[in-house]
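Step one of this worksheet: look at the structure below.
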Amino acid sequence: MKIAIDDISMAMEDHTGAVEHFLNRQTGDLLRVPIVPDDADEHEDALAALEKSPADWVQIPSLPSPDAFQIMEDFVAGLPEGDPRKTLKLVLGFKKPFANFKRALLDMPEIREQWFAYHGERMEDIVRRWLEFEGIVAE
């Protein structure tokens, strides 16, 4: 079955608290269930799908903040000595490190591209390990 690894990754990193994410074990479909529904029809449809076959669905967990922070720290630790590494290491110690890290990367286009590649690889690994834990085989 085809699984949208990137979509699961985004679901794991959704920390808005507005939506719960589910994966269908049989089809690989993703389902977003609004906690506070904006659209009553969308909410009802999502709940109906879950209620129709609850054993087919597994909730996608959120990536804990410490784990997400560790990914940033590992990335920075792997950078060569120099100003980008010093700057990023510094911003990780600030208040709101996630926002400051993203903001700092805006001034470092090359490092930013490296970050996206690194982050994507790490998240793919996390998603694949979660799928394996859940007994879901993905192409």
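No value in this document is a laboratory result; all are computed from the given coordinates. Nothing here was measured: the structure is a model prediction, and the numbers come from that model. Note: ideal-geometry Cβ built from the backbone for every residue, glycine included; neighbour counts use all protein chains shown.
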May I ask you to sort Phe116, Phe75, Phe69 by Cβ crowding, counting other Cβ atoms within 10 Å and putting the fewest first?
Phe116, Phe69, Phe75
What is the P(r) of the stretch 65-133, as percent of Cα-Cα pairs per 5 Å bin from 0?
3, 16, 28, 26, 14, 7, 5, 1
Work out the P(r) tail for the chain: percent of alpha carbon pairs separated by more than 18 Å, whole number.
62
Gyration tensor verdict on the stretch 5-59 (Cα atoms; rounded if a/c is under 1.5, prolate if a/b is larger than b/c, oblate otherwise):
oblate
For the chain, which DSSP H helices look membrane-span-like by this rule: Cα extent along the axis of 15 Å or more and mean Kyte-Doolittle of at least -0.5?
65-78
For the charge dipole of the chain, defined by +1 on Lys and Arg C-beta atoms and -1 on Asp and Glu C-beta atoms about the Cα centroid, which residue among Ala117, Phe101, Ala48 has the Cα displaced farthest towards the positive pole?
Phe101
Report the relative contact order of the chain, percent, no decimals, based on alpha-carbon pairs under 8 angstrom and at least 6 residues apart.
26
Loop sites in the stretch 12-83: GluC sites (Glu not before Pro), DSSP, at most 15 other Cβ within 10 Å
Glu13, Glu81
Residues in the stretch 1-30 reached by a label modelled at Val137 [backbone nitrogen below 16 Å; 7 Å Cα→Cβ]
1-3, 25-28
